[in-house]
């Protein structure tokens, strides 16, 4: 089974998560309602199982909670995908959400990189600062050891833009992590 259990405890956060690439229960409690909604959307649209609890220093702000969740979830994804043999490796997906359109493209390459291009007309969605979206995606991509490109083409509503980005990443990862019958990494080098 392609799954991982990650626990991460620092002076700022205490995170416990179970992640399954091939589906399962979804329950998320980070203490930030909108972020919970985004992570549930990511897991649902990726077809992933995700059980996650985070206790963070929200009395400071949401930065440590969001970034550390990205770190832990990235590590879980990296562990679950394993040696990267027998997966399709690349995936791309567009998500339209009302007036907003977002795109994500991933390479499960073992080489972390992030290109993020999105603007948010409203600074906050509930208690979630939209500027935390790039912080989560960077932490996730680098710890998952993936190349991730994300773009919001347009939109008037920060909720729709943010949700379209999270959903697009889930879909793109699902496509890229799909198992094939090659029994070797999809690379002319023979290794990733």
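The values are calculated or read from the model by the stated rules, or taken from the named source; none is laboratory data. Note that the structure is predicted; figures quoted are calculated from it, not measured. Quick reminder, even Gly has a Cβ in these numbers, built from the backbone with ideal geometry, and neighbours come from all protein chains shown.
Among residues of segment 18-72 being in contact with a strand residue (DSSP E or B) (Cβ under 9 Å, 6 or more places away or on another chain) and free of Cβ contacts under 8 Å to residues at least 24 places away in the same chain, the one that is farthest from residue 165 (Cα to Cα) is 36. Annotation note: of 32, 18, the sole residue that is crowded, with 16+ Cβ neighbours inside 10 Å, under 15 Å from the mean Cα position of the chain (by Cα) and at pLDDT 95 or above is 18. Note on segment 125-141: residues that are out of contact with any strand residue (DSSP E or B) (no Cβ under 7 Å at 6 or more places or on another chain) and surrounded by 15 or more Cβ atoms within 10 Å (Cβ to Cβ) total 9. If you scan segment 41-62, which residues turn out to be within 20 Å of residue 14 (Cβ to Cβ) and either surrounded by 16 or more Cβ atoms within 10 Å (Cβ to Cβ) or more than 18 Å from the chain's Cα centre (by Cα) (or both)? Those that are within 20 Å of residue 14 (Cβ to Cβ) and either surrounded by 16 or more Cβ atoms within 10 Å (Cβ to Cβ) or more than 18 Å from the chain's Cα centre (by Cα) (or both): 50, 51, 52, 54, 55, 56, 57, 58, 59, 60, 61, 62.
Applying the condition of being out of contact with any strand residue (DSSP E or B) (no Cβ under 6 Å at 6 or more places or on another chain) and at positive phi to segment 155-192 and asking which residue is modelled with the highest pLDDT yields 183. Within segment 108-128, residues that are closer than 19 Å to residue 174 by Cα sit with their Cβ atoms under 6 Å from residues that are modelled with pLDDT of 95 or more and assigned to a loop (DSSP other than H, G, I, E, B), at 6+ positions apart or across chains, in these pairs: 108/89; 108/146; 110/145; 112/145.
Candidates 104, 141, 80: the one that is under 12 Å from the mean Cα position of the chain (by Cα), closer than 27 Å to residue 33 by Cβ and part of a helix (DSSP H, G or I) is 141. For residue 136, are the conditions met, namely being closer than 21 Å to residue 7 by Cα and in contact (Cβ under 8 Å) with a residue 12 or more places away in the chain? So residue 136 passes the test.
Restricting segment 11-37 to residues that are in a loop (DSSP other than H, G, I, E, B) and in contact with a helix residue (DSSP H, G or I) (Cβ under 7 Å, 6 or more places away or on another chain) leaves a set whose member that is farthest from residue 58 (Cα to Cα) is 21. Mind listing whichever residues of segment 81-110 are modelled with pLDDT under 95, surrounded by fewer than 18 Cβ atoms within 10 Å (Cβ to Cβ) and touching a strand residue (DSSP E or B) at 6+ places or on another chain (Cβ under 7 Å)? Answer for segment 81-110, where residues must be modelled with pLDDT under 95, surrounded by fewer than 18 Cβ atoms within 10 Å (Cβ to Cβ) and touching a strand residue (DSSP E or B) at 6+ places or on another chain (Cβ under 7 Å): just 86.
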